[in-house]
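Reviewing the structure listed below.
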Amino acid sequence: MLTLFKPYGDIFAEERRYGHIVNVVGVTEPEGPGREAEIRKKIKTCDILQADVDIAVNRELIEGAENLRAIVCTSIGTDYVDIPEMTKAGIPVANNPDFCIEAVAEFAMSLIFSIVRRVPKAVNGVADNNWLVRYQSGGIELKEKTLGLVGFGRIGREVARLASGIGMKVIAFDKYINTDLAASMGVTSVEIEELYAQADVISIHCPLTEETKGMIDKTALEKMKNGVYLINVSRGGIIVEEDITAFIKNGKLAGVALDVLGTEPPARFHPLIGLADQNVIITPHMAWNTHEADEKAFLHTLEQIKAISEGKVPSSVVNKEVLSNSRFLLTYF
């Protein structure tokens, strides 16, 4: 029986779900040097690594992991995995391409509804026994407003579908956009500068890459409409938080809702936390977290683990170049 190593969280769910096909091991040490040492020790004997954003998967982590056959990510994004190094080492990395699409898209829409109606300020006002805050909360209606999507993958397309249903005009920027598909959904493909200039609400749905890291910065913000609303449910590193903070305070941004930050959890006195009265929402990277998404993640991960345990290649390998690597060929064939 192969060994599945989960170096974060508890392992009880994995034992219950996958224990009949793999031996599941986790980490017992609390945070600190002892935990790091335990992770490095256990990864050297495992066959499958279950990975998520809670751990950086790099060359140092897998050093000496001679038995490692595959890395199975529970998320869509793989930005926490050094893909070139895994490919060089002959280790396939499988993601979960259909995970939490509806969950994240619906959460993005809930954040949009909340900030355009200034819900954070209203909630704080009631908590402070200020019922008259209702006269200060106001907001805008979304019908006939323009939603700009930065990224038009599965989640972006689902947001487009939901937004179109309430009468929003949807435009999208994506270097790899299928323009025919976008057009069939009533979405207009635009360049990023056009999106900044036209959108009343901007929602980010692109992966974190070297190209997108820090793309929402002072320069980008200056190109946006006055009074624009900004939502990010993708990855925190896409925005420059110091610039966002400055543009909230100078009034250029009418509202910001972030489910992701550059460092998670953030520092106790993070400048964006506590700005509810300035129409800022910060949530703890929870857009993915629904019962339905969790079930989908389980079923897909189970499928990948079963394939590996049977000597087959996982179905959703993102580094397909690995399939010609000599170590991979020796491991699987």
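The values are calculated or read from the model by the stated rules, or taken from the named source; none is laboratory data. Bear in mind that the values here come from a model prediction, so they are computed numbers and not experimental data. When we count neighbours, we look across all protein chains shown, and the Cβ atoms used for this are built from the backbone with ideal geometry, even at glycine.
Out of all the residues in region 137-148, is one or more surrounded by fewer than 22 Cβ atoms within 10 Å (Cβ to Cβ), within 23 Å of the chain's Cα centre (by Cα) and free of Cβ contacts under 8 Å to residues at least 24 places away in the same chain?
We begin by selecting, within region 137-148, every residue surrounded by fewer than 22 Cβ atoms within 10 Å (Cβ to Cβ); these are 137-146.
Those left that are additionally within 23 Å of the chain's Cα centre (by Cα): none.
Scanning region 137-148, I find no residue that is surrounded by fewer than 22 Cβ atoms within 10 Å (Cβ to Cβ), within 23 Å of the chain's Cα centre (by Cα) and free of Cβ contacts under 8 Å to residues at least 24 places away in the same chain, so the answer is no.
Please work out which residue is modelled with the highest pLDDT, limiting yourself to region 197-211 and to residues that are over 22 Å from PHE107 (Cα atoms) and not aliphatic (A, V, I, L, M). Reasoning before the result, please.
Just the residues of region 197-211 that are over 22 Å from PHE107 (Cα atoms), to begin with: 197-198, 209-211.
If we keep only those that are not aliphatic (A, V, I, L, M) too, we end up with 198, 209-211.
Details: GLN198: 98, THR209: 92, GLU210: 93, GLU211: 95.
Here the answer is GLN198.
Checking LYS296 against (1) more than 17 Å from the chain's Cα centre (by Cα); (2) in the same structural domain as ASP52 (by TED's automatic domain parsing); (3) not hydrophobic (A, V, I, L, M, F, W, C), which test does it fail?
(1)
Collect the residues in region 90-129 that are charged (D, E, K, R) and assigned to a loop (DSSP other than H, G, I, E, B), keeping them in residue-number order. Steps first, answer last, please.
Residues of region 90-129 charged (D, E, K, R): 98, 102, 106, 117-118, 121, 128.
ASP98, ARG117, ARG118, ASP128 - these are the residues of region 90-129 that are charged (D, E, K, R) and assigned to a loop (DSSP other than H, G, I, E, B).
Among the candidates ARG16, ARG40, single out the residue that is surrounded by 15 or more Cβ atoms within 10 Å (Cβ to Cβ) and either in a helix (DSSP H, G or I) or not charged (D, E, K, R) (or both).
Working: ARG16 fails: surrounded by 15 or more Cβ atoms within 10 Å (Cβ to Cβ).
Answer to the check: ARG40.
Filter region 185-207 for residues that are polar (S, T, N, Q) and either part of a helix (DSSP H, G or I) or surrounded by 22 or more Cβ atoms within 10 Å (Cβ to Cβ) (or both) and give the result. Before the answer, list the steps.
Taking region 185-207 and keeping what is polar (S, T, N, Q), we get 188-189, 198, 203.
GLN198, SER203 - these are the residues of region 185-207 that are polar (S, T, N, Q) and either part of a helix (DSSP H, G or I) or surrounded by 22 or more Cβ atoms within 10 Å (Cβ to Cβ) (or both).
Taking the condition of being closer than 16 Å to SER137 by Cα, over 22 Å from the mean Cα position of the chain (by Cα) and either without any contact (Cβ under 8 Å) to a residue 24 or more places away in the chain or not in a loop (DSSP other than H, G, I, E, B) (or both), how many residues in region 252-286 meet it?
Qualifying residue count, region 252-286: 5.
Taking the options VAL170, VAL133, name whichever one is closer than 16 Å to ALA182 by Cα, of a type in the set (Val, Ile, Thr) and surrounded by 15 or more Cβ atoms within 10 Å (Cβ to Cβ).
Details: VAL133 fails: closer than 16 Å to ALA182 by Cα.
After ruling out the rest, the residue left standing is VAL170.
For region 299-309, name all the residues that are under 21 Å from the mean Cα position of the chain (by Cα) and either without any contact (Cβ under 8 Å) to a residue 60 or more places away in the chain or at positive phi (or both).
Answer for region 299-309, where residues must be under 21 Å from the mean Cα position of the chain (by Cα) and either without any contact (Cβ under 8 Å) to a residue 60 or more places away in the chain or at positive phi (or both): just LEU299.
Quick check on region 27-44. Is at least one of its residues under 23 Å from PRO207 (Cβ atoms), modelled with pLDDT of 90 or more and not hydroxyl-bearing (Ser, Thr, Tyr)? Outline the logic, then answer.
Kept after step one, since they are under 23 Å from PRO207 (Cβ atoms), are these residues of region 27-44: none.
So far as region 27-44 goes, no, none of its residues is under 23 Å from PRO207 (Cβ atoms), modelled with pLDDT of 90 or more and not hydroxyl-bearing (Ser, Thr, Tyr).
Can you confirm whether region 245-257 contains a residue that is outside the structural domain of VAL93 (by TED's automatic domain parsing), in contact with a Gly (Cβ under 7 Å, 6 or more places away or on another chain) and surrounded by fewer than 19 Cβ atoms within 10 Å (Cβ to Cβ)?
no
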